[in-house]
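Encoded as structure tokens, the structure appears first; notes follow it.
Read-outs throughout are calculated quantities, based only on the coordinates presented, and are distinct from any laboratory measurement. Every value quoted in this text rests on a predicted model; they were computed, and no experiment measured them. Ideal geometry is used to build each Cβ from the backbone, glycine not excepted, and the neighbour counts take in all protein chains shown.
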Amino acid sequence: MNINLTLIGQTITFALFVWFCMKFIWPPIVNALEARRKQIADGLAAADRGKHELELSAKRASETLHDAKIKASEIIAQAEKRAAQLIDEAKEAAKGEGERQIAAAQAEIEQEAYRAREQLREQVAALVVAGAEKVLRREVDAKAHADLLEAIKNEL
Amino acid sequence: MAGEAHTSAEYIKHHLQNLAYGQLPDGTWGIAHSAAEAKAMGFWAIHLDTLGISIVLGVLFLYFFRKAATQATAGVPGGLQNFVEWVVEFIDSSVRGSFSGRNPLVAPLALTIFIWIFLLNLMDLVPIDWIPGLATLLGVPFFKLVPTTDPNATFGMAIGVFILVLYYSFKMKGVGGFAAELTLQPFGKWGMPANLLLEGVNLIAKPISLALRLFGNLYAGEMIFILIALMFSGGAVLFLTGGVLQWAWAVFHVLIITLQAFIFMTLTIVYLDMAHQEHH
């Protein structure tokens, strides 16, 4: 336990160690720590920002979806309306066509009937003429006339 | 384990003797082979064990911390880097808490003091007969493993701190300011001699208390380890008691060595803080 030169040796050693530590050890470690702290802070801020953006875009997405739904239902309603309209139009057209055809058919029938009647009239006229010829040929007999006329009447 | 040839007193003395290198009584330079020879060397001698262990441990500390420092990036830290960063942050927060000025020297100084003294103290936990026994086998007469049980080591560090305290006192306050601090308070200028006496004692007490506190704690701890080791040669009961006591004392000592390193560091920071302040 003698005090001797070791004292000074220890002081010098101590000074050298402190110098080395101050020069080569402390600054890089503290810088790295500071850099990491900054990096972590930046990362957290970025995460926050990302979260915020996510929320925002989710909101936007739901809005878009909502709009799309509304639009789709509008389109469907429009389409339904259009379909109903088309059906009505088709019905209308069909009805018109049917009526026209019916009218045409009736006209034809009437024409046919008219023609038949004309024919009939001609035939009647011919018959009348033939009957008259017969009557004129046998002389006129009241009783015979009556029978003849009756027969013509029946024929008409 | 007091060897057959030793008495208890010799055993204790042997453990408390440093390995001194200096001028022997016959005029040549060499290693002292007895306590008397070591004493006769006077001031111009060196304790090889104290300085050697101090330097080896200091270099180990610097090597590992330097390794971590060169690898230090902002990325994910590895094991060593993590540990080093944890220590550095702990020291940094201590310095921020106690030191109000701005000085790039203080934090590295505190780190060096804390780790170095901790490592020196840690040698106290090596079973006390291992290294001296090994030294004896190698023909080295003495080997005191724990540098902080040598007052030269603790006073050496305390003087280093004291020089810094004086340097910053002069630098921050100027010669006049520092002189005024020493002479004009607490009693004003008419109580100058009393002021000088009080403040002088206050100033001198700083390095002495730093050195003696560390030395005293470690020396006493080492002494108790030696006394416990003496029990090992006293029969089965004493052997077992000694074993239990040694274990208990070693566990307690884990606290002591850390605490002493921390106290030395904190007081250094506080003293330097006082040196930086204009008034206190």
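Here is how the numbers come out for the structure above:
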{"read-out": "Anchor A:Lys81: aspartates and glutamates whose Cα lies under 18 Å away (excluding residues fewer than 8 positions away in-chain)", "value": "A:Glu89, A:Glu92"}
{"read-out": "Cβ-placed point charges (K, R +1; D, E -1), dipole of the range B:35-126 about Cα centre in debye, nearest 20", "value": "240"}
{"read-out": "Residue among A:Gly98, A:Gly50, A:Gly131 with the largest mean-square fluctuation in a Gaussian network model of chain A, springs linking Cα atoms under 10 Å", "value": "A:Gly131"}
{"read-out": "Between the range A:35-86 and the range B:225-241, the Cα center-to-center distance that results, in Å", "value": "81"}
{"read-out": "Helix-only CD estimate at 222 nm, as mean residue ellipticity for chain B, using -39500 (n - 2.57) per DSSP H run (n ≥ 4)", "value": "-25000 deg cm²/dmol"}
{"read-out": "Relative contact order %, the range B:67-173, counting alpha carbon pairs below 8 Å whose residues are six or more apart", "value": "15"}
{"read-out": "Global form of the range A:57-156, assessed from the alpha-carbon gyration tensor, a/c cut-off 1.5", "value": "prolate"}
{"read-out": "Inter-site label distance for B:Phe83 and B:Ile256 at 7 Å from Cα along Cβ, in nm", "value": "2.4"}
{"read-out": "Cα centroid separation, the range B:161-212 to the range B:2-74 (Å)", "value": "34"}
{"read-out": "Net dipole in debye of chain A [+1 Lys, Arg Cβ; -1 Asp, Glu Cβ; about Cα centre; nearest 20]", "value": "1600"}
{"read-out": "Relative contact order for the range B:185-280, counting Cα pairs under 8 Å that sit 6 or more residues apart, in percent", "value": "22"}
{"read-out": "For the range B:146-265, with +1 on Lys and Arg beta carbons and -1 on Asp and Glu, the positive-most of B:Val146, B:Leu238, B:Leu184 along the dipole", "value": "B:Leu184"}
{"read-out": "Coil-residue chymotrypsin sites (Phe, Trp or Tyr not before Pro) of the range B:132-237, DSSP, other Cβ within 10 Å capped at 15", "value": "B:Phe187"}
{"read-out": "Sparsely packed trypsin sites (Lys or Arg not before Pro) within the range B:18-123, loop by DSSP, other Cβ within 10 Å at most 15", "value": "B:Arg102"}
{"read-out": "Anchor B:Lys189: lysines whose Cα lies under 28 Å away (excluding residues fewer than 8 positions away in-chain)", "value": "B:Lys171, B:Lys173, B:Lys206"}
{"read-out": "Within chain A, helix-based [θ] at 222 nm, where runs of 4 or more DSSP H residues each add -39,500 (n - 2.57), nearest 500", "value": "-33500 deg cm²/dmol"}
{"read-out": "Prolate/oblate/rounded call for the range B:50-276, Cα gyration tensor, a/c under 1.5 rounded", "value": "oblate"}
{"read-out": "Given chain B, longest segment not containing exposed loop GluC sites (Glu not before Pro) (DSSP; at most 15 other Cβ within 10 Å)", "value": "B:5-277"}
{"read-out": "Computed over chain B: relative contact order in percent, which uses C-alpha pairs under 8 Å that are six or more apart", "value": "25"}
{"read-out": "Cα-based reach from A:Lys71 at 20 Å (exclusive), listing aspartates and glutamates while leaving out same-chain residues under 8 positions away", "value": "A:Glu63, A:Glu80"}
